[in-house]
1. Among the residues of the stretch 65-77, are any more than 29 Å from residue 3 (Cβ to Cβ) and buried (at least 16 other Cβ atoms within 10 Å of the Cβ)?
2. For the subset of the stretch 39-62 comprising residues that are farther than 21 Å from residue 84 by Cβ and exposed (fewer than 14 other Cβ atoms within 10 Å of the Cβ), which member is modelled with the lowest pLDDT?
3. For residue 39, indicate whether it is touching a Cys at 6+ places or on another chain (Cβ under 7 Å) and on the phi < 0 side of the Ramachandran plot.
4. Is the stretch 63-74 home to any residue that is within 21 Å of the chain's Cα centre (by Cα) and modelled with pLDDT of 95 or more?
5. Quick one: which residue in 123, 30, 34 is polar (S, T, N, Q), closer than 30 Å to residue 3 by Cα and either surrounded by fewer than 12 Cβ atoms within 10 Å (Cβ to Cβ) or at pLDDT below 85 (or both)?
6. Which is touching a residue at least 60 places away in the same chain (Cβ under 8 Å), at negative phi and of a type in the set (Val, Ile, Thr), of 75, 115, 90?
7. For the subset of the stretch 85-120 comprising residues that are under 30 Å from residue 3 (Cα atoms) and under 14 Å from the mean Cα position of the chain (by Cα), which member is surrounded by the fewest Cβ atoms within 10 Å (Cβ to Cβ)?
8. Would you check if there is a residue in the stretch 100-112 being modelled with pLDDT under 85, in a helix (DSSP H, G or I), under 26 Å from residue 33 (Cα atoms) and among the small types (Gly, Ala, Ser)?
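The values are calculated or read from the model by the stated rules, or taken from the named source; none is laboratory data. It should be emphasised that the depicted structure is a prediction, and the values quoted were computed from it without experimental measurement. Here the Cβ positions follow ideal geometry from the backbone for every residue, glycine too, while neighbour counts run over all protein chains shown.
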Amino acid sequence: MKNINQKILEALKDDEAAHEFSEEQANSLQLIGQSFKGTFRLSFAVVVSLQLIFAGFALYCACHLVKEVDVGLKINWLAGTLSTVVAFAIARIWFFMELNRLSVIREVKRVALQISFLAESYQK
């Protein structure tokens, strides 16, 4: 039992992000900034760029939708607008689900560190 607690303590002491970054002190922008520094930074960058592309295309389709007179073409522009808005929403939901996952991982690490400290103090 002591060996496992020691391994947990050593692993978490090496993780500087667990010590320097506290959930209670963090706001949304700090959490988003931290997500771009992790192992999934490329995924986050791709999803954010896709969100910008979908938002731009949705605005483009919406402008053409408003200007169009023909009903058939208006329906096509409406379908384009709705599909890009849905794609944007899906990318946004994925992004915030990943932020939530990273937040839960940080909390689990913090609890494991506290358990390790308690086990170490209990054994003394």
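1. The answer is yes; a qualifying residue exists.
2. Result: 39.
3. Considered against the rule, which asks whether it is touching a Cys at 6+ places or on another chain (Cβ under 7 Å) and on the phi < 0 side of the Ramachandran plot, residue 39 comes out as no.
4. Filtering the stretch 63-74 for residues within 21 Å of the chain's Cα centre (by Cα) gives none.
So far as the stretch 63-74 goes, no, none of its residues is within 21 Å of the chain's Cα centre (by Cα) and modelled with pLDDT of 95 or more.
5. Values: 30 fails: closer than 30 Å to residue 3 by Cα; 34 fails: closer than 30 Å to residue 3 by Cα.
Of the residues listed, the single one that is polar (S, T, N, Q), closer than 30 Å to residue 3 by Cα and either surrounded by fewer than 12 Cβ atoms within 10 Å (Cβ to Cβ) or at pLDDT below 85 (or both) is 123.
6. Result: 115 is the single residue among 75, 115, 90 that is touching a residue at least 60 places away in the same chain (Cβ under 8 Å), at negative phi and of a type in the set (Val, Ile, Thr).
7. This residue is 104.
8. yes
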